[in-house]
Amino acid sequence: MKVIGYDVGTTGFKAGLFDISRSDIKFICGAVEHYPLIVLPNGGTEQNPDDWWRAMCRSTKYLLQKSGTPKEEIKGIACSAQCCTLVMVDENGNALRPAMNIMDTRATDQHKRLFNSGLAVAGMNIPKLLQFLKINNAAPVSSKDTVYRYNWVRENEPEIFKRTYKWLDCKDYLNARATGRMATSMDDAYVQFLMDIKTNDYSKRLCDLVNVDMEHLPEILKSTDIVGELLPGPAEELGLEPGTAVISGGTDVSMCQVGSGAILPGDVDVNSGTSGWVCTAIDTPTIDIFHSIGGLVGVTPGEYYYMADCETAGKCMEWCKERLSNTPFDSYDIMYSVASQTPAGSNGVIFSPWMHGNRCPFEDANTRGVFFNVDVDNRSGDLCRAVLEGVCMHFRWLLETEEQKIKTNEVMRFTGGSAMTPLVAQILSDVTGRPVEVTEEPRQVGAQGAAVTIGIGLGVYKTTQETKDFIRVANTYTPNMKNKDVYDRIFPVFKDLYNDNKKSFAKLNADLKMN
C-alpha cells in the first residue's frame, strides 16, 4: 500500500512517499519545500497558511512524478505538523489572518492576566493550576501557549475575532482544506490544555478559566481516525485521486517519536529541526510544571511522550550560516567544515541558543542568544562551533531535567535535519556522554510517523509498537570522553548564563512584547 506522509515544519515542508505492509515500511522518495517565517518587531511570529497548502501541492506532484507512481495507487495521506499554531478560520475554512506560530510572544499580558494573577506561586495562579492539573493533567503555564494568543486576537483584532468560526492548528487547517471537515487530533487537543483526559473531550470549566469560547473549538478525533475523503477540487490541486483517505495525523512531537522508532518506555528521541526537543516515551502520565515539561498524549491508547523543547535549535544553526563570516556561508557543509576545525569547547566561547525566548527548562519570552567569553584571538570557526555546542548543551539540560522525574534509556535516537551532519551528532554524543543513533532517513521521521498513522487508520497495523523494528539505524556515534570532560566543565557556566542575565534580558526585551 502506497501512502504519503507530510511533515509541516516551522520553515520547511517535507513529504515522503512510503510503501507500507505488515512486515515493513519502505521509504521510496521524498521532497522538501520551504516558506518564510515572518518575525515581527513586537515579538510576533507569523506564517501564511496558503504557503503550507502550496508546499503540500508541489511536493505531492513531485513525489508522483519522481517515483512514477500513478495517483490511483496512493491510498492515504496524513500530516505531522508544528503544533500550538493558531489559525483563525471562517465557516468555509478560510484563514482570517496569518497563522500565529508557537514562537509568538505577543500574548504576555494575556498570560499574566489569565494565569499569573491572584494567589500565585512561581508565577502561576494556584487555584487555576490545581483545576488544570485535575482535569487535564497539565496547564498553560507559558505565555506562548495558544489560549493566550487566541485572547490576544480577541483584544487586539476584534473584527477578526467576530468573524471567527473555528480555531485550528496547522495540520487541522490542511485537513479541513482537503476534506471540508474541521477536526483536530487528540494529541493536538491535549496541548491546547482544554481537554479532559478522562473523557477525551473539551472541558467547559477549563475553557471558562482562560476565556475560550467552546464554539470555536473543532471536534476531537484520534490521530489514526479517517477525517474524510479528499474532495475533487483539492484532489486536483494535489494531483491525487478524489476519495483518497485523509487520516487525522498528529503533532510533530508525536509523529517524530513514532517515526524515529523511540516508542517503548524510556526510549529517547532528540529532534533538531528549526525548533527542537528531547522526548521520552513513557507509559504513565507525568508532568513537571516548574520546568514546563509535559507528558503528552500519544498516538495510540496508553502511550505518552514526555517532552521538553528548545524552540530555536536548528534556527540557531540557520542564523549562524546566514549571519557569520564575511558573507553568508554558501552551504551548511561549508559552515560545518569551518566549525570542525575548532576543538571541543570552541576555544572558550559559549553560546546560548535562546534566540527568541525559551520554554524549557525555564519559561521566559525575554531571553536571547549570547556569545560569552569571546577573546581577541577567537575566529568565526569558534563562534560556529559554539552555536552547535550551545544547542547540544541545551538538549543535555533538557535530558537531565527529564530524568528528575523519569528514567531514560542510555542510547538516544537523533533525528531532524541537524542529525544528517556527523559533526552535530558527534557533538551531541560528546556533550551528553551517551551513544547516539541516527536513523536511515532522519529528516523524514515526521512523515514516517504520519505514514504509520495511515497504516493504523487503514487497518495495516493495530499499534505503533508493531512498527518499531521497521525503523532502521544508519549510524551510531559514541562519546569521546576527552571532549566530554571539556563539556562537563563548560556546562555549569552555560546554565548560569540564564540566571546571571535574566534581569538584563527583561530590561532589553520586555518592551517588545507590547502590542
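The values are calculated or read from the model by the stated rules, or taken from the named source; none is laboratory data. Keep in mind that what you see is a predicted model, and the values were worked out from it rather than measured. In this analysis, Cβ positions are derived from the backbone assuming ideal geometry, glycine residues included, and neighbour counts consider all displayed protein chains. Remember, those area values only see protein heavy atoms, side chains included, never the ligands or the DNA or RNA. Shrake-Rupley method; radii C 1.70, N 1.55, O 1.52, S 1.80 Å.
Scanning residues 5 or more positions from Ile293 or on other chains, those with amide H under 5 Å from its amide H are Asp288, with H placed 1.01 Å from N in the peptide plane.
Applying the Karplus relation 6.51 cos²θ - 1.76 cosθ + 1.60 with θ = phi - 60° to segment 348-356 yields 3J(HN,Hα) values of x, 7, 10, 10, 9, x, 9, 7, 8 Hz, where x marks Gly and Pro.
Taking every DSSP helix (H) stretch of at least 4 residues in the chain, weighting each as -39,500 (n - 2.57) and dividing the sum by the residue count yields a mean residue ellipticity at 222 nm of -11000 deg cm²/dmol.
When Rg and Dmax are taken over the Cα atoms of segment 225-337, they come to 19.0, 53 Å. Surface composition of the chain: carbon and sulfur atoms hold 50% of the protein heavy-atom accessible area at a 1.4 Å probe.
For volume of the Cα convex hull per residue in Å³, computed directly from the structure shown, the correct entry in [x] 325; [y] 134; [z] 238 is [y].
By the rule of a C-alpha distance below 21 Å, with chain neighbours fewer than 8 residues away ignored, the lysines paired with Lys198 are Lys128, Lys134, Lys222. As a calculated quantity, the FRET efficiency between Asp333 and Asn480 at R0 = 25 Å, using C-beta atoms, amounts to about 0.70. Only the Cβ atoms of Lys and Arg (+1) and of Asp and Glu (-1) were treated as charged; on that basis the dipole of segment 460-515 about its Cα centre amounts to roughly 80 debye.
Residue separation of Thr286 and Asp496 scaled by 0.36 nm, minus their Cα-Cα distance, works out to 72.9 nm of gained length. Scanning residues 5 or more positions from Asp196 or on other chains, those with amide H under 5 Å from its amide H are Asp201, Tyr202, Ser203, with H placed 1.01 Å from N in the peptide plane. Across segment 14-23, coupling constants 3J(HN,Hα) worked out from phi with the 6.51/-1.76/1.60 Karplus curve, θ = phi - 60°, read 10, 10, x, 9, 10, 10, 10, 8, 5, 10 Hz, and Gly and Pro carry x. In this structure segment 190-309 gives 32 Å² per residue of accessible area when probed at 1.4 Å with all protein chains present. On a C-alpha basis, how far is the centre of segment 270-292 from the centre of segment 139-201 in Å? Whole number, if you could? Taking the Cα centre of segment 139-201 as reference, the centre of segment 270-292 is 21 Å away. Scanning residues 5 or more positions from Thr184 or on other chains, those with amide H under 5 Å from its amide H are Glu219, Ile220, Leu221, with H placed 1.01 Å from N in the peptide plane. The residues packed around Gln444, meaning those with a beta-carbon under 10 Å from its beta-carbon, carry a net charge of -1 if Lys and Arg are +1 and Asp and Glu are -1.
What segment 75-133 shows is 35 Å² of accessible area per residue, with the surface traced by a 1.4 Å probe over protein heavy atoms.
The distance between label points at Val376 and Leu133 comes to 5.5 nm (points 7 Å beyond Cα on the Cα→Cβ vector).
In percent, what relative contact order does segment 1-146 have, based on Cα pairs under 8 Å that are 6 or more apart in sequence? Once divided by the residue count of segment 1-146, the mean separation gives 22 percent. Based on C-alpha pairs under 8 angstrom that are at least 6 apart in sequence, the chain has a relative contact order of 16 percent.
Taking +1 at the Cβ of each Lys and Arg and -1 at the Cβ of each Asp and Glu, which of Leu231, Ser203, His216 sits farthest along the dipole of segment 167-264 towards its positive end, judged by Cα position relative to the Cα centre? The one lying farthest along the dipole's positive direction is Ser203.
Each label was represented as a point 7 Å from its Cα along the Cα-to-Cβ direction; for Leu423 and Lys66 these points are 2.5 nm apart. Screening the chain for whole DSSP H helices with an alpha carbon extent of at least 20 angstrom along the helix axis and a mean Kyte-Doolittle hydropathy of at least -1.0 yields 380-402, 481-509.
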